[in-house]
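For reference, the structure discussed in these notes is given below.
The values are calculated or read from the model by the stated rules, or taken from the named source; none is laboratory data. Because the structure is a prediction, the values reported are computed rather than measured. Here the Cβ positions follow ideal geometry from the backbone for every residue, glycine too, while neighbour counts run over all protein chains shown. Ligands, DNA and RNA are excluded from the accessible area calculation, which covers all protein heavy atoms including side chains. Shrake-Rupley method; radii C 1.70, N 1.55, O 1.52, S 1.80 Å.
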Amino acid sequence: VQLQASGGGLVQEGGSLRLSCVFSGGTFRRYSVAWFRQAPGKERDFVAAIKYSGGYGNYAESVKGRFTISRDNAKNTAYLQMNSLRPEDTAVYYCAARSSSWPRRALDEYDYWGQGTLVTVSS
């Protein structure tokens, strides 16, 4: 299994970005997917997760109401729509896949990781 994250970049405070995570090498619909982020000098933290069939996402409190996780199983792709971005959202964002229908928030629950995409929010 491989994950390829993309869509990061430089955006002004209040702006929006959409991250994509393309899954290959397995049956995507059998995996739950999550996004994590790691700011400079900090630990990698949970952002959002979605179960195998899509639908409602599970979010960290810091992004709830601003970020939306989704997936398109026909395209083997997961997304993270990020709105109302703040400077504190600046981080490398990683997508991860778990060989279970149901997502979790802990890093060690995930079997596969993408390479990360950098999001920088300027004030």
(message) Can you give the FRET efficiency to the nearest 0.05 for S101 and Q38, using r as the Cβ-Cβ distance and R₀ = 35 Å?
(response) 0.85
(request) Please compute the net charge surrounding Q81, taking Lys and Arg as +1 and Asp and Glu as -1 over other residues with Cβ under 10 Å from its Cβ. (result) +2
(message) Counting only protein heavy atoms and a 1.4 Å probe, tell me what percentage of the stretch 1-117's accessible area is made up of carbon and sulfur.
(response) 43 percent
(request) Between Q81 and D111, take the C-beta separation as r, use R0 = 25 Å, and let me know the FRET efficiency to the nearest 0.05. (result) 0.55
(message) Below 8 Å between Cα atoms, with a sequence gap of 6+, how large is the relative contact order for the stretch 27-87 in percent?
(response) 26 percent
(request) State the volume of the convex hull built on the alpha-carbon positions of the chain, expressed per residue in Å³ and rounded to an integer. (result) 87 Å³
(message) Highest mean first, how do 91-97, 74-80 rank when packing is the count of other Cβ atoms within 10 Å averaged over residues?
(response) 91-97, 74-80
